[in-house]
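K.L.:
One structure coming up, written as C-alpha cells, with questions to follow.
Here, each number is a calculation from the coordinates, and none is a lab measurement. For clarity, every value in this text was computed on a predicted model and none was experimentally measured. No Cβ is skipped: glycine too gets one built from the backbone with ideal geometry, and neighbour counts run over all protein chains shown.
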Amino acid sequence: MFKNEEMEINLGPQHPSTHGVLRVKLRLDGETVTKCTPVIGYLHRGVEKICENKTYFQGQVWTDRLDYVAAISNNLGWAEGVEKLFGIEVPRRAKYIRTLLTEQNRLASHLLWLATHALDIGAMTVFLYAFREREYLLDLFEAFCGARLTTTAFRIGGLREDLPPGFIKDAQVFQDRFLHCLYEYEELLTENRIWKKRTVGVAKLNAEDCIALGVTGPVLRAAGVPYDIRKAFPNAAYAEMDFEIPTRTEADTYARYLVRLAEMRQSHRIIQQCLDGLPEGPVMAKIPKILRSEVNEIYHPIEAPKGELGYYFVSEKGGTMPYRMHVRAPSFVNLQALPKMIEGRLLADVIAAIGTLDVVLGEIDR
Amino acid sequence: MSFLRTLIPFDIAAGLTVTGRYFGKVFFSANRKKVRAQIKHFTQEYPEVPVRLQPRFRGRLTLLKDEQGEIKCVCCLACEKICPTEVITIEKGKKEGRKMPYPVRYDFEMERCIFCEFCVESCGFDSIILNHQFELAAYNREDFSLGMDGVAQNMFEPSPVGRHSVAED
C-alpha cells in the first residue's frame, strides 16, 4: 500500500556540525542511515606539492595550516622530521620547551574538541567554559611566538628564541587553575543524563576495526589498545616524562570522551614536569645556513592530539628542498571509520560520530 | 534508590550548581564596584578598548630608518629569498653619499603575506620589523600593495585604520 523508498541527503559542506567543509552523503531509510559516504576535497590546497618547491626552513609555515587547532604539534613533526633527515641533535632545553608547548597545544585542541562536540550534541554551557581556558593558552602561544593559531613555533635545530620573561609564571597560573576547570566540565557532563543518552553506546568501533582501518589516537585508546607514539617511539623529551596512557574498553562515544578528559590530566602532569625540570642552556643547535641533503628517506611519527601524525621525506643529493613530502594525517585516516560507525544507526548519531572522531578539514584535504 | 534517582534529576542539579555559582558571582556583584574590581574578566570590549598584545606579536612588515632618516636596508636580499610566499621585491640601486647599496624599490604584497616573521629573522641589519598592527582591512586591492612611495599606504608608516566604532559617529 505504501511505497518504501530510500532517501539520499547531503550533510554539509555548510552544515555547522561538520567542523569545516566536510560533506557526508547519507542514504536514509526513515531515520536510519543505510549508507554513508564522506566526500572530501573542498579545502584542498596542494600542501604536499607546494612543499616540494620550498626549502626545509620555509616548508614549516604550511604545516601550521594543516591541523590549524593544533599547529604546534604539526610544527614539531616537521622540525623533528627534518632534524632526523639531517642528523641534527637538538639542545636539551629546546626539547623541554618543545614538549611543554606541544602538550599545551594538546590541551587547547582537546578543549576545542570538548567545546564543539558538546555544542553539537546540545550542551551549550561547557562550550563557553572550555573556550575561556583555550583563550588563556592561545595568549601563552602569542607570548612565545607572536601568533595564536598559525604559530610557526619551532626552527630546524631548536627554537628561534627562548621563552619570554614571565612565561613560566603565567603557565603556572594556568596549571594551578586548570584541574578545577576540568572538574567543572566533568560536573556538567559526565553524569548528566542527557549527555549519557546521546553518547553511551553510540558510534561503536571495536579494537579489530580500529586497527584494520588504521585509526589512531583517542579513538583507538578508547577501544582498549594502549598505543601512544609518545611511549612507543619517544620523541622530544617524552622519554624523560612520567605519564600514563589512559584507555577504556567500551569503544563508544562516551568512552572517547572519558579518554580525552583523562588525557588532559596527563598533559597537565607533563606540563608540570616540564616547568619544574626545565634545564638551562642554549635553545638552538649549530646548523649550516643552507641545508643540503643526501639521498635519503625517512618517516617520522609523532602523537598529535588526533592520532599518529607522520611526516615522510624523500631527499635527493645536494637538494635544499624535499623531493617528495607526504603527511600521514590522523584526521584523514580516522575519517574512514565514519561509515563503519554510523551505518545502521540513527541520523542524529552522525553528528555525535563526526564530533567524536575530532576531524579537522584542513588536515584531511591538505 | 535507582528509581528515586530517575525521578529526581540530581545530575542536572549538579550541572546547574556550576552555572549557578558563576551566575551568583555576577549577580551579587552587579552594583558593587569594590567586589567587581576583584573579579577578573576574560572578555575584552574590543573595538572600544584597545587590545593588549604580547611584545612578540607579528603584525605588518615595516621598513625602519636610522636616526638620520636614512633607510637601514642595504639590499642583501635575504628577506626576499627566505620569504615562503615571495611577497617582497627589492630593486638594488645607488644613492650619492652612501657607501652601502640603497633600495630603489621595496615592494610588499600584503595580500599574500602570512606573517611568519622569517624575513625579520633573516635580516642581519635589523632594518625591518613586524609592527603590532592587525587591523589591516582595506576597501581597495591596490591598498595591499605597499611600496616606498605612497601617501596613505607605505612601508614606513602603519596602515591607516578605518573607523570601527559606531560610538564615533
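K.L.:
With B:VAL18, B:VAL104, B:VAL87 as the choices, which residue is surrounded by 11 or more Cβ atoms within 10 Å (Cβ to Cβ), touching an Asp or Glu at 6+ places or on another chain (Cβ under 6 Å), within 14 Å of another protein chain (Cβ to nearest Cβ) and touching a residue at least 12 places away in the same chain (Cβ under 8 Å)?
P.N.:
After applying the criteria, what remains is B:VAL87.
K.L.:
Something else about it: Going through segment A:340-352 one residue at a time, which ones are over 21 Å from A:LEU43 (Cα atoms), assigned to a helix (DSSP H, G or I) and not charged (D, E, K, R)?
P.N.:
Residues satisfying the conditions are A:MET341, A:ILE342, A:ALA348, A:VAL350, A:ALA352.
K.L.:
Going by the structure shown, is A:VAL259 part of a strand (DSSP E or B), among the β-branched types (Val, Ile, Thr) and surrounded by 17 or more Cβ atoms within 10 Å (Cβ to Cβ)?
P.N.:
Against the criterion (part of a strand (DSSP E or B), among the β-branched types (Val, Ile, Thr) and surrounded by 17 or more Cβ atoms within 10 Å (Cβ to Cβ)), A:VAL259 does not qualify.
K.L.:
Right, something else. Can you work out which of the residues in segment A:315-329 that are not polar (S, T, N, Q) and not in a loop (DSSP other than H, G, I, E, B) is nearest to A:ASP64 (Cα to Cα)?
P.N.:
Residue satisfying both the conditions and the ranking: A:VAL327.
K.L.:
In addition: Given the criteria surrounded by fewer than 19 Cβ atoms within 10 Å (Cβ to Cβ), facing chain B (nearest Cβ under 9 Å) and more than 21 Å from the chain's Cα centre (by Cα), does A:ILE168 qualify?
P.N.:
It is false that A:ILE168 is surrounded by fewer than 19 Cβ atoms within 10 Å (Cβ to Cβ), facing chain B (nearest Cβ under 9 Å) and more than 21 Å from the chain's Cα centre (by Cα).
K.L.:
Right, something else. So, in segment A:13-32, how many residues would count as being closer than 20 Å to A:ARG345 by Cα and either among the aromatic types (Phe, Trp, Tyr) or more than 22 Å from the chain's Cα centre (by Cα) (or both)?
P.N.:
8
K.L.:
Now a separate question. Any residue at all in segment A:321-333 that is under 17 Å from the mean Cα position of the chain (by Cα), of a type outside the set (Val, Ile, Thr), over 19 Å from A:VAL61 (Cβ atoms) and buried (at least 22 other Cβ atoms within 10 Å of the Cβ)?
P.N.:
The answer is yes, given that some residue of segment A:321-333 is under 17 Å from the mean Cα position of the chain (by Cα), of a type outside the set (Val, Ile, Thr), over 19 Å from A:VAL61 (Cβ atoms) and buried (at least 22 other Cβ atoms within 10 Å of the Cβ).
K.L.:
Restricting the first residue to segment A:198-211 and requiring it to be surrounded by fewer than 20 Cβ atoms within 10 Å (Cβ to Cβ), which pairs with a second residue that is not aromatic (Phe, Trp, Tyr) and not in a helix (DSSP H, G or I) meet a Cβ separation below 6 Å and a spacing of at least six or different chains?
P.N.:
Partner pairs satisfying both residue conditions: A:GLY201/A:ASP252; A:LYS204/A:ALA251; A:LYS204/A:ASP252; A:ASN206/A:ALA223; A:ASN206/A:ALA251; A:ALA207/A:ALA223; A:ALA207/A:GLY224; A:ALA207/A:VAL225.
K.L.:
I would also like to ask the following. Do any helices (runs of 4 or more DSSP H) lying entirely in segment B:1-106 carry at least 3 residues that are of a type in the set (A, V, I, L, M), and which ones are they?
P.N.:
Fully inside segment B:1-106 and qualifying: B:10-27.
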